[in-house]
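Supplied in structure tokens, the structure appears directly below.
The values are calculated or read from the model by the stated rules, or taken from the named source; none is laboratory data. These numbers were taken from a predicted model, which means no experiment stands behind them. A quick note on method: Cβ atoms are made from the backbone with ideal geometry, for glycine too, and the neighbour counts reach across all protein chains shown. Surface areas here come from the heavy atoms of the whole protein model, side chains and all, with no ligands, DNA or RNA. Shrake-Rupley method; radii C 1.70, N 1.55, O 1.52, S 1.80 Å.
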Amino acid sequence: MVNFHCIAEGCSNDSRKKHNAVKYPDMILNGCIVDFHVLPSVIKNPKLRKLWLVSDKKEGFNPDPNCHWHALCSRHFIEGRPTKENAVPTLFAYNNYKTGTPRDTKNSTLRPIEQLILTTQPANIVTVSQLPKVPRQKKYIPDIPVISYIEKPSLDHTYCTSTEVSEDVSIEEKCVMLIENSNTLEQKCQRYETDNNQLRKQVKLLQVELHATKEENKVLNEKFNNTDELLKDKLVEKLTKSNSNVKCFLGLPSISMLFGIFKLLEGHASKMKYWMGPDSSDGKRWQVNNKKKPGASRKLTFFEEFVITLLRLRLGLNTYVLSLLFGVSQSTISRVFTTWISLMAQCLGPLIKWPSKEKIKKHMPLSFRRKYPNTRVIIDATEFYVQRPRNPTAQSKTWSNYKSKNTFKTLVGITPNGAFSFISDLWTGNISDRSITERSGFIDLIEKGDHVMADRGFLIKDLLLSKGATLNMPPFTRPCKHGKGRCLTAKEIKESKSIASLRIHVERSIQRLKSYKFLSGVMPINSLSVANQALKVAGFFCNLMKPLVQKL
């Protein structure tokens, strides 16, 4: 329901006050509740609407034509409502809610003698109704003495004795009134000119805003018409909305880390050449210009390509699903992932550093400091499933007796607080732990006095002794002297428990590494060319997360 309120200056009547007329006595007029009359329409009756607003004399008030709650109450109309005879409101606060006196015009019913009597205003004066009626056909006025119509003439003013003097005074008064009216009109003209200038400025501002709104509306219409573009924008917005979404879907700890890494890669991305297949020696961007050809994939922004790479690495989404989400072809997704994962490995892979002894001791947890204070690295080997190759030779090389599947194996090393300090390249699954340790270049990083913690399968004690390092490994079981089977002594059991309680952190680091589904799932054959790059990038992302082992 629309609530009306009176727009007249000094009037506070409101349609919501009808139900409480006792509290608001102004709402009662002639024993009835006042009514509200809406301003005339701009389209149907603009002249009458302008007359209403002019009679109101409310400065700076220009109501919106689309607002229908501006009205005038019945207190401002002579008959209590707009009629044909009195269509314009005339009763306002500036005239004390009274009608003005009739103007002195040619059609006035007053005669000059009557005007003289009214202008003199003596103490006792005869009313106009008591004057003799003068016929209108005569062009002259009889010379009737004024004194005969005045019981007690006033002697204070000389103009009471002569009509000629009164005519001079009336002319002066008229001149004064004309001067005052001219001054008032001049002030109004100045005010209207000021208002006009302000309105012109507002119109210019509104035109600028209208142009900007039209451009924005055009862009939004294009987005809404293009469902693929809208879906892509909403997807990227959802993925980067909060830290939890970034960590869950993109594998990075926070939004600030996401945009920080992208800013680091963006400068290199403008110079990179996209991978076009193994047969192309000089890769070229598959879209040189922004013009779309019929059937061609639309151009992706660098940030969208970066998000596609993270989604494939973190969630393991295949090219078909990503092509549906971003509205491009599967071949485009393959090019983007291959190019960007190689760029990320080249820029971020070297950041997996081999720390010095001083830094290791500075950040060493208390659990290591008590039992094995000289520990430099904890190593272990882990395997990743791959699609079975068709070549029998490749099948035999990738076959793992431990997993009973075709796998790739890598050697990882972590610091005592759980950060990756060494990640080797991927090797075929049939390689032994000793061979991968010896051939991956890990031994070259070991220095004299280092302690290396490993599992029982790493028979590398002689390799470490040649470097002056020590291997902390759980002891092997031995045959029981009495009975069958193998066993450990009490001292060996305690030592094994002590090493296992600390070596378990490398298993937790590997578990964090395999949270990236591209590595933990079965890697397809056509993705093996970027498996090493994906492994290095995932290891760098793991180092950005909170340490697995606290310092204290």
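What tally of residues in the stretch 1-38 results from selecting those that are among the basic types (Lys, Arg) and not in a helix (DSSP H, G or I)?
Step one: of the stretch 1-38, the residues among the basic types (Lys, Arg) are 16-18, 23.
Within this subset, residues satisfying the condition of being not in a helix (DSSP H, G or I) are 23.
Selection size over the stretch 1-38: 1.
Mind checking which residues of the stretch 466-505 are closer than 19 Å to ARG370 by Cα and of a type in the set (Gly, Ala, Ser)?
SER496, SER498, ALA500, SER501
Report, by residue number, each residue of the stretch 6-50 that is over 22 Å from PRO63 (Cβ atoms), of a type in the set (S, T, N, Q) and without any contact (Cβ under 8 Å) to a residue 12 or more places away in the chain.
Once the filter is applied, which keeps residues that are over 22 Å from PRO63 (Cβ atoms), of a type in the set (S, T, N, Q) and without any contact (Cβ under 8 Å) to a residue 12 or more places away in the chain, the stretch 6-50 yields only ASN20.
Related question: Kindly indicate whether SER41 is within 27 Å of LYS188 (Cβ to Cβ), in a helix (DSSP H, G or I) and of a type in the set (S, T, N, Q). Spell out the reasoning first.
Numbers: within 27 Å of LYS188 (Cβ to Cβ): yes; in a helix (DSSP H, G or I): no; of a type in the set (S, T, N, Q): yes.
No.
Now for a separate question. Given the criteria part of a helix (DSSP H, G or I), touching a Pro at 6+ places or on another chain (Cβ under 9 Å) and not hydroxyl-bearing (Ser, Thr, Tyr), does LYS247 qualify?
Working: part of a helix (DSSP H, G or I): yes; touching a Pro at 6+ places or on another chain (Cβ under 9 Å): yes; not hydroxyl-bearing (Ser, Thr, Tyr): yes.
Yes; evaluated as a whole, the condition is true for this residue.
Just checking, which of LEU464, LEU471 is in a strand (DSSP E or B) and either touching a residue at least 12 places away in the same chain (Cβ under 8 Å) or exposed (fewer than 15 other Cβ atoms within 10 Å of the Cβ) (or both)?
Step by step, each of LEU464, LEU471 is checked, and only LEU471 is in a strand (DSSP E or B) and either touching a residue at least 12 places away in the same chain (Cβ under 8 Å) or exposed (fewer than 15 other Cβ atoms within 10 Å of the Cβ) (or both).
Starting from residues that are in a strand (DSSP E or B), out of contact with any Ser or Thr (no Cβ under 6 Å at 6 or more places or on another chain) and among the charged types (D, E, K, R), keep the ones in the stretch 376-400 and report whichever is nearest to GLN511 (Cα to Cα).
Among them, the one singled out is ASP380.
Residue under question is GLU222, and the condition is that it be in a helix (DSSP H, G or I) and surrounded by 11 or more Cβ atoms within 10 Å (Cβ to Cβ); does it hold?
So GLU222 fits the description; yes.
When only residues in the stretch 15-39 that are open to solvent by less than 60 Å² (accessible area, probe 1.4 Å) and out of contact with any Phe, Trp or Tyr (no Cβ under 7 Å at 6 or more places or on another chain) count, which is nearest to TRP69 (Cα to Cα)? Can you show your working first?
So the first thing to find is which residues in the stretch 15-39 are open to solvent by less than 60 Å² (accessible area, probe 1.4 Å), and the list is 15, 17, 21, 27, 29, 34, 36-37, 39.
Still in the list and also out of contact with any Phe, Trp or Tyr (no Cβ under 7 Å at 6 or more places or on another chain): 21, 27, 29, 34, 37.
Values: ALA21: 21, MET27: 17, LEU29: 21, VAL34: 16, HIS37: 10 Å.
The extreme case among them is HIS37.
So which of ARG75, ARG81 is closer than 18 Å to LYS18 by Cβ and either in contact with a Pro (Cβ under 7 Å, 6 or more places away or on another chain) or open to solvent by less than 70 Å² (accessible area, probe 1.4 Å) (or both)?
ARG75
Test GLU167 against the criterion of being modelled with pLDDT under 70, part of a helix (DSSP H, G or I) and out of contact with any His (no Cβ under 6 Å at 6 or more places or on another chain), and give yes or no. Outline the logic, then answer.
Details: modelled with pLDDT under 70: yes; part of a helix (DSSP H, G or I): yes; out of contact with any His (no Cβ under 6 Å at 6 or more places or on another chain): yes.
When the stated conditions are applied, GLU167 passes them.
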